[in-house]
Structures are given as C-alpha cells and as structure tokens.
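Rule-based calculations on the coordinates, nothing more; no lab input. None of these values were measured; they are calculated from a predicted model. Cβ coordinates were reconstructed from backbone atoms using ideal geometry, including for glycine residues, and neighbour counts include every protein chain displayed.
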Amino acid sequence: MIRLAFILIYVSLAVRAAEEIMPTLHAYLVIDLVTGASRFADTGPALYDDACRTTQLWLRRIPAGTFVMGSPMGEPGKCANEPEHEVTISRDFFLGVFEVTQAQFELIAGHNPAKYPGATNPVEWISYEEIRGTSPDGGAGWPTWGHAVDEGSFLAKLRARTNLEFDLPTEAQWEYACRAGTTTAFNNGRSLKNTAQDDAMDDLGRYFYNTSDGCGGFARHTRVGSYQPNAWGLYDMHGNVWEWCLDWMDDLAPMPATDPAGPMHGDVRAFRGGGWFGDFGQAQYCRSACRPFTYRGPYFHCADCGFRLALNP
C-alpha cells in the first residue's frame, strides 16, 4: 500500500510538471523582427500602432478541423477547378494576421522590391522563387523536399533570424483559414451577386472597384488591416494583393483529403485571395475558393502579388 501510494504521488507530480512545461494554447504568436525574439499573446494587435505592421510579425493560431474546400455549383464566378470536397487540417498552425508588409520584408531581406512603395502596404513584385529559392532540392522542391528553402532566400533569412521554420501556407491551409468556418463566397458570410463589382467585397478588402474609398492608397493596394477581418482575426484574405501558396497549381481531386500538399510537379504555383488590379481585381477573383486560370510560374512577379506567412508548430 505504501509503495502504491508513493507511485500515485510520483505520477501526480509528474503530470503536474508536464502541465507546467506544456505551452498554453495562446491565440497569437508575436515575433520581434529586429531581434528575432518571440512571445505569445491572447489578444490581437493594436491597429493604431504600426509596429504590428513594421517591426513585429503577428500570427494567429488556426485550430485543426475539417471543412469543405471548393465552391458549390451555381456560385457566381465559379471555375471548373474548384470542386467541393472535404479536407481535414489535422493540427493547429499559425498564419500571418496580415500580408507581409514592405517594412517587414526589408527588415529581413535588406531591400524593398515593391513597385508601389508604402512601408505598411503589402510587399509586392515578389516571386515564389525570391521567397523560397530556385534549387530543385530546396526552395523549388515542394512537396518532394518538404519545407527546405535555399540559402539566401527570404525564408532562409527569416528562419535564421527567428529560429522558426516559417513557410508559405498550402492551398488547403489558406482556404481553411480564409473561410474561418464560413461556407459562402466571402468570409463575412455573404454571397457574390455580381462578378465584377459587388458590395459584399467593399468592407472586406481592396479590389479594383474601391481603390478610392478613403481606406488609404489610390488606384492600388493599401495599408494592411484597413478592412474588416474574418472570424479568426485575419485581415485582407480577400483582395489587396494575391498571395502565393506552396502548392503546384492543378485540378483538385473531388475526394476527401487530409493535409493535402498539392501535386508533385507542375509549371504554375498556386496563389489565392484576389488583388486590386485590373480584370483580376474583380470581386469574383476575391472569393474564398477562387483558383484563377492564368499562368504565373514561380518566377512571376507583379504589383498585385505578395504573400503571408505560415508556421506549423
């Protein structure tokens, strides 16, 4: 009996110690981009302080779960490569609260490639290859080589600064985070009525038809976090700039999947979310499920294409 009591006490103490060292599931991860130090937070960034857009990197914990990826039959603007199918994200991950800004990119990379300068605006004129690299067994090797990136790439420099394995999100992670539990065309719970200009987009993000709405900028992208966030506190998932994803672009198989990584090979890397410019700045291209038919190889760059960061704990 004495031995049994001792064992129970030992187990109790061990469990208590494990609970004390296990990280609490805080909602946000905050990175100091100057020092590389990280901390957790329970509330989101203070939007009145541009530090969250310049010297800090804020990421939101996205809980594991299952959702329907793709768009339903009859959704205006639907493309043939958006079949509805069940996708499971098997573990929590972090995703940037904002698109990476020009100030954040310059702090890590040492230069600002953007065609339209603005410290708190999203960085653009940036290719997939500049973010990850060009080596077939490194930055250009997803998914065969996993999260490997080239030395000298933006992600390599960020990882060296923070000791964290940042990367781009997969398409599935991106759409799951964008929807935040919604099943409609937009993550504010509204459907699309008009494929070009639609008031469902007006409060969600910068697109071609609201470039002079008083939310900063003129006829181009604007400061991140200027519009309404989704239920998980993510800004500009619709509009502002297109966002690179990890996957090669190909037709989606209409069958259940868990943590899909996309095709093994391809010519075009996926990008999501819509942007502010021209025909591809229409509301239909800003839908949660939109996978546009256009050629954007990994080397491609333009003034309406940027990215946001993901981190798998």
Packing-ranked peptide list from 59-69, 198-208, highest mean Cβ count within 10 angstrom first, is 198-208, 59-69
Cα→Cβ-extended label distance, 7 Å offset, between ASP251 and SER38, nm = 3.9 nm
In straight Cα distance, which aspartates and glutamates are under 20 Å from LYS115, not counting same-chain residues fewer than 8 positions off?
-> GLU99, GLU106, GLU124, GLU129, GLU130, ASP236, GLU243, ASP279, ASP304
What net charge do the residues around ASP202 carry, taking every other residue with its C-beta under 12 Å from that of ASP202, with Lys and Arg at +1 and Asp and Glu at -1?
-> -2
State which helices in the chain qualify, where a helix is a whole DSSP H run, it must extend 27 Å or more along its own axis by its Cα atoms, and its mean Kyte-Doolittle hydropathy must be at least -0.5.
-> 2-21
Could you give the size of the charge dipole of the chain about its Cα centre, using +1 on the Cβ of each K and R and -1 on the Cβ of each D and E, expressed in debye and rounded to the nearest 20?
-> 540 debye
Förster radius 45 Å - calculated FRET efficiency between PHE293 and ASP49 (Cβ-Cβ, nearest 0.05) | 0.65
Within a Cβ distance under 10 Å of TRP248, other residues only, what is the Lys/Arg minus Asp/Glu net charge?
-> -3
Estimated FRET transfer efficiency (THR144, GLU86; beta-carbon r; R0 25 Å; 0.05) | 0.45
Answer with one residue from THR54, TYR295, VAL100: the one whose Cα lies farthest towards the positive end of the charge dipole of the range 29-311, charges on Cβ with Lys, Arg +1 and Asp, Glu -1.
-> THR54
Ranked from highest to lowest mean number of other Cβ atoms within 10 Å per residue, what is the order of the peptides 41-53, 151-163?
-> 151-163, 41-53
Candidate lysines for bridging to LYS78, where Cα separation is under 19 Å - those fewer than 8 sequence places away on the same chain excluded = LYS193
Mean separation of Cα pairs under 8 Å and 6+ residues apart, divided by the residue count of the chain: what relative contact order is that in percent?
-> 22 percent
Chymotrypsin sites (Phe, Trp or Tyr not before Pro) within the range 212-313: which are DSSP loop residues with at most 13 other Cβ atoms inside 10 Å?
-> PHE218, PHE293, TYR295, TYR299
Report the local net charge at ARG159: Lys and Arg +1, Asp and Glu -1, summed over other residues whose C-beta lies under 12 Å from its C-beta.
-> -1
